Amino acid sequence: MPPTDTPNGVLDASARRRLAREISRLATASAHSVLRAPPTSAVPPARRIGFTGPPGVGKSTLVGKLVERRAAAGTSVGVLAIDPASPYSKGAILGDRIRMDQASADPRVFMRSVSSRDSQDGMCNNVADILCAMEVHGFDEIVMETVGVGQAEHAVKALVDTVVLLMQPETGDAIQALKAGILEVADIIVVSKSDLHGAPKMREVLASTVRFGAQRAVNWTVPVIGVSVETGKGLDELEAALTAHAGWVASHRTPAETARRRATYRVQDLVLRRLEDQLATLSPDDYDLPLPELYQRVLTGLAQI
Ligand SMILES: Nc1nc2c(ncn2[C@@H]2O[C@H](COP(=O)(O)OP(=O)(O)O)[C@@H](O)[C@H]2O)c(=O)[nH]1
Ligand SMILES: [Mg+2]
């Protein structure tokens, strides 16, 4: 629900409660119900930053630290953390809340974590709408944390302005990431836990991969930054890279392009979810139909909104 005062990202207790409830509602709402009343985005929109990477790589810890620093500098920040679906997800949510607690005591910071439930792409339902619902509150920045599981990266890429990918030293993650093409979505790469042994080596591997890989964006070379939240190493460098990338976005992407990219993701997400629902209504007998007929049946069902 939009706030009544001029929104500046500083929410009182009741606005916080309302936004938290709205996020929970959207995270589990059907495609159908969202279509009836889609939240609209604010003008001017918030700067959106996504943090992604494997579970345990240090995303929540880094986001907590960064948000604390930015809030101290006067920036209002809304954080959405999307947890992986797992039997332990309750623990994971609690873990995120506790680690981000220090930052969330600041009135300029709003944080919420939601479960990714059973979604294939590691996202919750209606993530595009949740971001819009947050945006109307006037945050300067919106930060989204997602677990890197294949498709999620592409959702993040479509929905935020800057993607920060985290990798930690001494794991097979880098190799896996190279295979899966995950590095391709990153605007900034962070080697997390750089107080640990093996961080310089990991940085070197990633930096040379970036250097010798195909350059994806004109005038932007993906920086690889060693960061440790334990020691504070690399945090200034990361903030400088975020500022530099904001400048790049401002001069290389038009608001219309950004809006189109987000709208494309949104409609694709809604249609895919409708399709899943539609497929679930088929009976075993339907699969005996010739393929063209089965195809037609599914299409007809999809059209019946
Ligand atoms: N040594 C070290 N450990 C860290 C650092 N950042 C995070 N961790 C630890 O890594 C673990 C996972 O962190 P978390 O932020 O929950 O990772 P997430 O699953 O990616 O959100 C926690 O036990 C953190 O304390 C760091 O800079 N150095
Ligand atoms: Mg986390």
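Brief remarks follow.
- Binning the alpha carbon pair distances of the range 254-305 at 10 angstrom intervals from zero yields the distribution 22, 39, 21, 13, 4, expressed in whole percent.
- For the pair residue 251 and residue 201, the difference between a 0.36 nm per residue extended length and the Cα-Cα distance amounts to 14.6 nm.
- Over the range 219-280: Rg over Rh, Cα atoms, Kirkwood Rh: 1.24
- Above-threshold pairs, the threshold being 18 Å between Cα atoms, out of 157/201; 65/233; 193/233; 65/193; 201/233: 157/201
- Working note: Karplus 6.51/-1.76/1.60 with θ = phi - 60° gives the range 129-134 the couplings 6, 4, 4, 5, 4, 6 Hz, where Gly and Pro are set to x.
- Between amide H atoms placed 1.01 Å from N, distances below 5 Å from residue 110 occur with 77, 78, 79, all of them 5 or more places distant or on a separate chain.
- Put simply, the amide H of residue 144, placed in the peptide plane, has neighbours under 5 Å in 49, 50, 51, 80, leaving out anything fewer than 5 places away on its chain.
- 3J(HN,Hα) from dihedral phi, the range 198-204, Karplus parametrisation 6.51/-1.76/1.60, rounded to Hz, x for glycine, proline: x, 5, x, 4, 4, 4, 4
- Among 242, 131, sorting on how many other beta-carbon atoms sit within 10 Å of each Cβ, with the fewest leading, yields 242, 131.
Laboratory data are not the source of any read-out in this text; all were calculated from the coordinates shown. Quick caveat: nothing in here was measured; it's all calculated off a predicted structure. Every residue, glycine among them, receives a Cβ derived from its backbone with ideal geometry; neighbour counts consider all protein chains shown.
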